[in-house]
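Peer 1: What follows is a structure written as structure tokens; I'll ask about it next.
Readers should treat all values here as calculations from the given coordinates under stated rules, not as data from a laboratory. Just so it is clear, the model here is predicted, and its values are computed rather than measured. Glycine gets a Cβ as well: all are built from the backbone with ideal geometry, and neighbour counts include every protein chain shown.
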Amino acid sequence: MPDAQHPKVEIAPPETWVDRYGDYLYGYAMSRLRNPDLAADCVQDTFMAGIKAFERFDGSRDIKFWLRGIMRNKIVDQIRKSIKEKKVDIDTEDEAILESFWYKYTGIATTNPDPWQFNPRKAYDNTEFWVVFETCIDQVKEPARQAFVLRVLEDQTTEEVCKAMDISANYLWVLLHRARAQLKIALEASWTGKDVK
């Protein structure tokens, strides 16, 4: 019998998952993949994997979040697959950073972003901020966006991201630096209503 500290949650049977969790999971996949077909495939793969693993579900957490955990792996698989299909090329600006003496010596790029035009820490808990964030992450160019999604949003380790993208740790750092800089510009422009250069 479940105790007061760890109550059992209601376990929704698999035949109800599409109605109960389909929209939520599709929205989650779209926020990461930005491709309706891939997001739909990801939801389907998640449900199939969930049905296969359902007998191992212990009911200790809401099944919606259990399915989301399965989906996170499917999202990483989709990103890995799309990276393999269109091989990542280092562009000229990235080459310049990687080739600079200071970067080779320290592993740190010398370009530092300007101060923020608003306080992102205060906006973090604001629901409106996350709506703006979803739009802005779309403006980050590939492969920097994929690196950011895997490393920051999906919390993959550096080693896991480097393996998935077939890149070095140094190049991953460059991509993350680039993604954060592009995201900062897009967020400031959207949040403050001013074009920030």
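Peer 1: Rank these for me by crowding, E154, E159, going from fewest to most other beta carbons within 10 Å.
Peer 2: E159, E154
Peer 1: Cut-off is 10 Å between beta-carbons; in what order do T46, T16 appear when sorted fewest neighbours first?
Peer 2: Ranked by crowding around the Cβ, least crowded first: T16, T46.
Peer 1: Want the number for R56 to N170: 0.36 nm per residue separation, take away the alpha-carbon distance, what's left?
Peer 2: Extending this stretch completely gives an extra 37.1 nm.
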